[in-house]
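Here's the structure we're looking at; comments come further down.
The values are calculated or read from the model by the stated rules, or taken from the named source; none is laboratory data. Note that the structure is a prediction, hence the values are computed from the model and not measured. Counting neighbours? That spans all protein chains shown, and the Cβs are built from the backbone with ideal geometry, glycine included.
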Amino acid sequence: MKKSIFVVFSLIITATMLLTACGASPTTAPATVAPATEAPTAVPPTATTAPVKITIWHQWDGAYLDAITKVFNQYMTDHPNVTIDLSKPNDVTASLKVAIPAGQGPDILAWTNDQIGSNAIAGNIVPLDDQGITQDFLTSTYEPAAVNGVVWQGKIWALPESQEAIALVYNKDLVTADYLPTDPMNFTDLTAKAEKFYADKHIPLLCNQGFKGGDAYHIAPVFFGFGVKQYVDDQGNVTVNTPEALNAMTWLLDIKTKGHLLQDADDAACRTAFESGKVGMDWTGPWAIADFDKANVNYGIVPMGKPFVGIKALMLTKNAVDRGNAAVALDIIKYYTNAQNEIAVALANKTIPANSAALKDPGVQALSTLAGFGASANLGVPMANTPYANAQWGPVGDAVGAIWSGKQKPADALAAAQKAIEDAVAQMK
Amino acid sequence: MAQVRGWRKVLTVLAFISPTLIGILIFSIYPILFNTYISFTNRNQFHPNPDCAVGLTGLLEPTCWAVFKKHAVTGLGTPFRLQTPLFGNYASLMGTFFTAPALLSVLKVAVCFIPLIVAGFINRRYSRELERPISAGTVNLIAVILGAIIFFGLSGLSAFNSILASSDFFTVFLRTILFVVVCIPLFFIFGMGLALLLNVKDLPGKTFFRVVLIVPWAASNVSIMMSLVFRFFFSETGTLNQLLHILNVQPVIFLNSSLWTFFIIVLANVWYSYPFFMVTILGALQSIPAELYEAAEVDGANWGQKLTRITMPLLRPAVVPLIVLSAIGAGGFQMFGTAWAINQGGPSQGAGVPGGTDLVMTYAYKQVFQTNAYGRMGAFAVIIFIMLFIATIASLRVSRVTKGAYE
């Protein structure tokens with residue numbers, strides 16, 4: 001009798017396990033999926049009085065998030081039936097892969113434009129052309145670089161929010177006018193100034209975490225400034241082993257010796273050296289400005305070369321369309337990226353808006369960061385949407401590392417990088 | 001009647017173990033099977049979605065099951081399919097290793113070890129005799145000299161280099177083996193030395209030292225972050241170079257040299273791992289009866305003889321499994337966190353070749369996350385699984401062959 005009770009009990013446990021496995025997927029989904037919930041109804045989007053919940057997955061950080069949350073709170077006040085839920089997952093690629101096919105993904109994805117290609121191919125996001133966004137609307141509202149960044153294969157995939165690019169952030173107390181480069185494309189002048197600076201002050205003029213290798217993003221202004229168009233283009237053609245690239249790397253070795261640059265400086269080392277006055281300039285982006293403000297450095301910003309321009313953008317997901325939330329979600333995206341809200345966010349976070357009207361606003365124009373980073377972004381090359389671009393980071397970083405440490409000659413290293421990227425692209429096809 | 005009772009017994013047993021069995025099937029066996037299947041396809045960023053019409057895909061892929069099919073995504077990419085040479089992913093990982101020249105080189109290097117194997121046999125044959133014509137040491141010496149002669153005669157160095165050049169995977173694999181071979185003895189020496197010290201009777205401050213010496217073990221849980229401290233210590237503007245600056249010596253760029261970076265990784269790894277060895281050996285030491293040592297002292301044994309003839313054999317049952325587990329675990333063959341934090345796989349040797357201190361796991365990480373190539377990732381995992389499986393089987397045999405002094 002007792003034995004059969006035990007048998008029945010264990011059978012019940014087994015049945016429970018089976019049922020939970022076959023039931024709703026959240027219990028078996030990996031822990032990285034953010035707690036997103038579905039909208040309660042599938043009411044047609046034109047009925048604005050029905051309650052709607054919109055989930056946004058984003059990558060906005062700490063202090064930036066405050067100003068951005070204010071915008072969404074205002075929208076909720078204006079539209080009482082809409083609830084906006086912001087969440088920041090840890091591993092967005094993996095989370096999307098699991099959540100979207102299960103119908104548990106977000107409605108809006110706020111990310112960078114270089115993620116558009118892979119998400120479009122996977123089917124996670126939908127083109128905005130089908131939702132009524134036209135090319136005319138884009139070009140009339142947003143900056144040309146931002147527009148280029150969100151269009152891929154002839155379709156519009158996102159609305160741009162802000163642009164970012166790296167530039168030379170210099171210490172005004174150390175680097176006076178005669179040490180500043182005057183022409184962003186004149187690299188010989190930069191070497192001469194670096195030599196002079198070291199002779200006078202015995203510290204290196206500049207620090208760039210991409211020089212020692214392993215960071216194709218930070219070395220990009222040098223490559224593109226010397227005339228390389230892109231590492232990999234939309235069709236998968238690789239242009240890394242070109243005469244322009246060779247000139248760029250020869251310059252790099254030249255300024256390394258003449259400018260007595262730090263040989264092994266990563267992001268933290270460059271930033272610390274800049275803040276403690278051991279280096280005249282840090283070649284970095286808007287994300288470092290908050291630290292420099294805290295360290296009370298009297299900084300100025302000047303563009304150099306042609307950096308990568310990363311465009312933060314908001315995409316519409318397939319789940320939003322399935323749930324019938326597409327119109328509301330798109331309205332929220334347009335609201336967030338309109339001139340008035342972009343101005344508010346730009347002033348609070350010191351970022352560079354993609355909205356043309358916001359960029360022209362006098363308050364934004366007066367931002368200390370705008371002149372330098374904005375000018376740099378205007379010169380820059382947008383980060384590619386195509387997933388082929390994923391193949392460029394490793395080989396370019398490795399090649400620069402081998403060149404910088406002297407392990408390989410520039411010509412050999414660039415040829416090896418070209419071959420490696422071509423192999424990777426061929427495997428992707 | 002007996003048969004019915006047999007069936008009931010089987011059913012009862014099944015009912016009790018079925019929750020665990022189902023758990024293992026769902027969470028271990030199924031992912032392994034799925035992963036192995038994917039390793040034969042070209043699934044990557046461009047072919048992320050399945051073609052549910054293909055038999056096995058429809059069976060194994062979750063988004064093809066009726067339950068999930070409702071929300072299945074179809075993007076701009078083409079569905080993934082099986083590779084045309086079915087072993088395509090494996091072949092690209094192995095490079096040109098399984099071609100005639102590379103295999104010939106392997107044969108050449110293997111031939112150099114034959115004298116040592118023969119010497120081992122000879123020693124084992126003569127070890128049971130009371131008198132032997134030639135001593136064990138001389139036999140080993142002759143074997144080493146013969147091996148060296150064969151090595152240079154067959155130009156073994158160029159053969160070795162051609163093995164390394166034939167396949168990146170094997171370069172990385174051999175480097176990881178070297179890493180394990182260097183680390184494990186250091187773990188043992190440090191662990192054993194400290195355990196012997198802590199085992200001394202009436203040691204002043206014993207409790208304090210026991211606590212302090214265990215601290216690195218706690219740090220190993222956040223080994224990636226702690227390894228950044230090691231990295232800072234050796235970086236160009238780090239502690240060591242600042243000390244050298246005070247002594248008016250030019251800064252040494254440690255992280256630009258493969259050898260120094262390897263040394264730093266070994267140092268950090270030894271720091272995290274010796275407490276585990278120390279604690280286990282300490283426990284085992286305290287289980288050795290003191291009478292054995294007293295008897296040895298009466299017989300006139302000195303400290304060295306006590307160590308090698310009494311302590312080591314009695315420690316073997318505790319230490320051998322420990323060594324085996326460390327070697328194939330996260331502190332040995334599967335080392336990732338420390339190696340990555342210190343220099344992301346070492347000073348770059350150029351594009352398309354592994355870095356200076358790329359171990360198996362850091363190499364796999366770089367390969368996979370550059371191109372999101374799930375198929376290749378699967379092939380890598382299967383190859384590592386096979387190697388670790390062989391290593392585990394071999395280690396089990398070694399443990400059984402080794403007997404404690406009581407058996």
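Restricting attention to segment A:376-421, the residues that are modelled with pLDDT of 90 or more, surrounded by fewer than 24 Cβ atoms within 10 Å (Cβ to Cβ) and over 18 Å from B:GLY356 (Cβ atoms) add up to 5. Looking at segment A:139-158, which of the residues that are of a type in the set (Gly, Ala, Ser) and surrounded by 19 or more Cβ atoms within 10 Å (Cβ to Cβ) is farthest from the other protein chains (Cβ to nearest Cβ)? Here the answer is A:ALA145. All of (1) under 21 Å from B:ARG210 (Cβ atoms); (2) assigned to a helix (DSSP H, G or I) hold for B:GLU297 with one exception: (1).
Per the listing B:THR308, B:THR280, the residue uniquely modelled with pLDDT of 90 or more, more than 15 Å from B:PHE234 (Cβ to Cβ) and more than 14 Å from chain A (Cβ to nearest Cβ) is B:THR280. Among the residues of segment A:131-169, those that are within 30 Å of A:CYS270 (Cα to Cα) and more than 18 Å from the chain's Cα centre (by Cα) comprise A:LEU168, A:VAL169.
B:THR176 - would you say it is of a type outside the set (A, V, I, L, M, F, W, C), surrounded by 17 or more Cβ atoms within 10 Å (Cβ to Cβ) and out of contact with any strand residue (DSSP E or B) (no Cβ under 9 Å at 6 or more places or on another chain)? Against the criterion (of a type outside the set (A, V, I, L, M, F, W, C), surrounded by 17 or more Cβ atoms within 10 Å (Cβ to Cβ) and out of contact with any strand residue (DSSP E or B) (no Cβ under 9 Å at 6 or more places or on another chain)), B:THR176 qualifies.
Screening segment B:235-258 for residues that are β-branched (Val, Ile, Thr), part of a loop (DSSP other than H, G, I, E, B) and more than 9 Å from chain A (Cβ to nearest Cβ) and picking the one that is nearest to the chain's Cα centre (by Cα) gives B:VAL252. Assessment of segment B:322-329 against the conditions (modelled with pLDDT under 90 and assigned to a loop (DSSP other than H, G, I, E, B)) yields at least one matching residue.
To keep it simple, each residue is scored yes or no on (1) assigned by TED's automatic domain parsing to the domain that holds A:PHE373; (2) surrounded by 14 or more Cβ atoms within 10 Å (Cβ to Cβ); (3) touching a residue at least 60 places away in the same chain (Cβ under 8 Å).
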residue: A:ASP66; (1), (2), (3): yes, no, yes
residue: A:ASP78; (1), (2), (3): yes, no, no
residue: A:ASN90; (1), (2), (3): yes, no, no
residue: A:SER95; (1), (2), (3): yes, yes, yes
residue: A:GLN104; (1), (2), (3): yes, yes, yes
residue: A:TRP111; (1), (2), (3): yes, yes, yes
residue: A:GLY123; (1), (2), (3): yes, yes, yes
residue: A:ASP130; (1), (2), (3): yes, no, no
residue: A:PHE137; (1), (2), (3): yes, yes, no
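Return the residue satisfying two criteria in turn: it lies in segment A:404-413 and is touching a Gly at 6+ places or on another chain (Cβ under 9 Å) and in contact (Cβ under 8 Å) with a residue 24 or more places away in the chain, and of such residues it is farthest from the other protein chains (Cβ to nearest Cβ). Among them, the one singled out is A:TRP404. Against the conditions (1) on the phi < 0 side of the Ramachandran plot; (2) surrounded by fewer than 19 Cβ atoms within 10 Å (Cβ to Cβ), where does B:ILE281 fall short? Just the number, please. With (1) on the phi < 0 side of the Ramachandran plot; (2) surrounded by fewer than 19 Cβ atoms within 10 Å (Cβ to Cβ) applied to B:ILE281, the lone miss is (2).
For segment A:248-279, the tally of residues that are touching a residue at least 40 places away in the same chain (Cβ under 8 Å) and either touching a strand residue (DSSP E or B) at 6+ places or on another chain (Cβ under 9 Å) or not in a helix (DSSP H, G or I) (or both) stands at 17. From the list A:ILE421, A:ILE403, A:ILE352, the one residue that fits, being among the β-branched types (Val, Ile, Thr) and more than 26 Å from A:ALA145 (Cα to Cα), is A:ILE403.
Within segment A:270-295, being modelled with pLDDT under 90 and of a type outside the set (Val, Ile, Thr) holds for A:GLY285, A:PRO286, A:TRP287, A:ALA288, A:ALA290, A:ASP291, A:PHE292, A:ASP293, A:LYS294, A:ALA295.
Among the criteria (1) over 28 Å from the mean Cα position of the chain (by Cα); (2) in a helix (DSSP H, G or I), the one B:VAL180 does not fulfil is (1).
When segment A:374-388 is filtered for residues that are in a helix (DSSP H, G or I) and either among the small types (Gly, Ala, Ser) or facing another protein chain (nearest Cβ under 7 Å) (or both), the ones remaining, listed by number, are A:GLY374, A:ALA375, A:SER376, A:ALA377, A:PRO387.
Let's see how each residue does on (1) within 14 Å of chain B (Cβ to nearest Cβ); (2) free of Cβ contacts under 8 Å to residues at least 24 places away in the same chain; (3) within 17 Å of the chain's Cα centre (by Cα); (4) assigned to a helix (DSSP H, G or I):
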| site | (1), (2), (3), (4) |
| --- | --- |
| A:ILE332 | no, no, no, yes |
| A:ALA348 | no, no, no, yes |
| A:GLY372 | no, no, no, yes |
| A:ASN390 | yes, no, yes, yes |
| A:ALA402 | yes, no, no, yes |
| A:ALA415 | yes, no, no, yes |
| A:GLU422 | yes, no, no, yes |
| A:VAL425 | yes, no, no, yes |
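Considering the conditions (1) part of a helix (DSSP H, G or I); (2) out of contact with any helix residue (DSSP H, G or I) (no Cβ under 7 Å at 6 or more places or on another chain), B:HIS47 is excluded by exactly one of them, (1). Per the conditions (1) within 14 Å of chain B (Cβ to nearest Cβ); (2) in a helix (DSSP H, G or I), the sole criterion not satisfied by A:ASN341 is (1).
Residue-level analysis places B:TYR30 among those that are farther than 27 Å from B:VAL353 by Cβ and either more than 9 Å from every other protein chain (Cβ to nearest Cβ) or of a type in the set (S, T, N, Q) (or both). As a summary of the residue check, A:PHE197 satisfies the conditions (1) aromatic (Phe, Trp, Tyr); (2) in contact with a helix residue (DSSP H, G or I) (Cβ under 6 Å, 6 or more places away or on another chain); (3) closer than 27 Å to A:ALA391 by Cβ except for the one numbered (3). Scanning segment B:137-182 for residues that are among the hydroxyl-bearing types (Ser, Thr, Tyr) and over 30 Å from B:THR362 (Cα atoms) gives B:THR138, B:SER155. Residues that are in contact with a strand residue (DSSP E or B) (Cβ under 9 Å, 6 or more places away or on another chain), in contact (Cβ under 8 Å) with a residue 24 or more places away in the chain, outside any loop (DSSP other than H, G, I, E, B) and surrounded by 22 or more Cβ atoms within 10 Å (Cβ to Cβ) occur in segment A:200-211; there is at least one.
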